[in-house]
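Below is one structure, written out as structure tokens, with a few remarks after it.
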Amino acid sequence: MREKFIQLIDLFYFIFKPFMPLKTYRYAVCGGGNLVLDIVLYFLVFHYGVDEHNLDLEFVTVSPHIAALFIVYPITLTTGFLLQKYITFQDSDLRGRVQFFRYFQISVGAIIINYFLMKLFVDVCGFYPTPSKMLTIAVSVVYSYISQNLYSFKVTNKES
């Protein structure tokens, strides 16, 4: 099944081949798919899950745009890791649990970036939550790609 999925993704690589290596293309496709999932889930959770209301957890009240961010996070963390591990970074020789731990560390950094940018865009600048979420993506994508490539899924035994 994985090979069929990779063949489907690679079917359109010829368009991007002059501009980017295969690994970057696969990262973009997998990350883009996960990103679409993230935005759709965020929209659904924000508008229907928390119904655009503060989430009272007894010990703290969380604003709806931040609650939606943290509710969606575990889902897209898992799907993102699986896509990157089995599609993009297949050549990594690190053990799966090491990859996941590192992926998790980097994703925590990404969620911190997302949190502060969401607070800035929504609470300080007054932008709508869903477009604000999309604006944070540009910063997160660059941070994540560089970090995942150099840390989470790095190849430790390259043959020269």
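The values are calculated or read from the model by the stated rules, or taken from the named source; none is laboratory data. For clarity, every value in this text was computed on a predicted model and none was experimentally measured. When we count neighbours, we look across all protein chains shown, and the Cβ atoms used for this are built from the backbone with ideal geometry, even at glycine.
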Report summary line: Going through region 61-104 in order, the residues found to be assigned to a helix (DSSP H, G or I), in contact (Cβ under 8 Å) with a residue 12 or more places away in the chain and polar (S, T, N, Q) are THR76, THR79, GLN84, THR88, GLN99
Query raised in the report: among the polar types (S, T, N, Q), touching a residue at least 40 places away in the same chain (Cβ under 8 Å) and farther than 18 Å from ASN34 by Cβ, is that true of THR156?
Result: yes
Query raised in the report: Considering only residues of region 39-86 that are of a type in the set (Gly, Ala, Ser) and in contact with a Gly (Cβ under 9 Å, 6 or more places away or on another chain), which is surrounded by the most Cβ atoms within 10 Å (Cβ to Cβ)?
Result: ALA68
Query raised in the report: Pick from LEU77, LEU44, LEU82: which is modelled with pLDDT of 90 or more, among the aliphatic types (A, V, I, L, M) and farther than 19 Å from ASN114 by Cβ?
Result: LEU82
**Report entry** Top-ranked residue in region 87-103 [being within 15 Å of the chain's Cα centre (by Cα) and of a type in the set (Ser, Thr, Tyr); ranked as surrounded by the most Cβ atoms within 10 Å (Cβ to Cβ)]
**Finding:** THR88
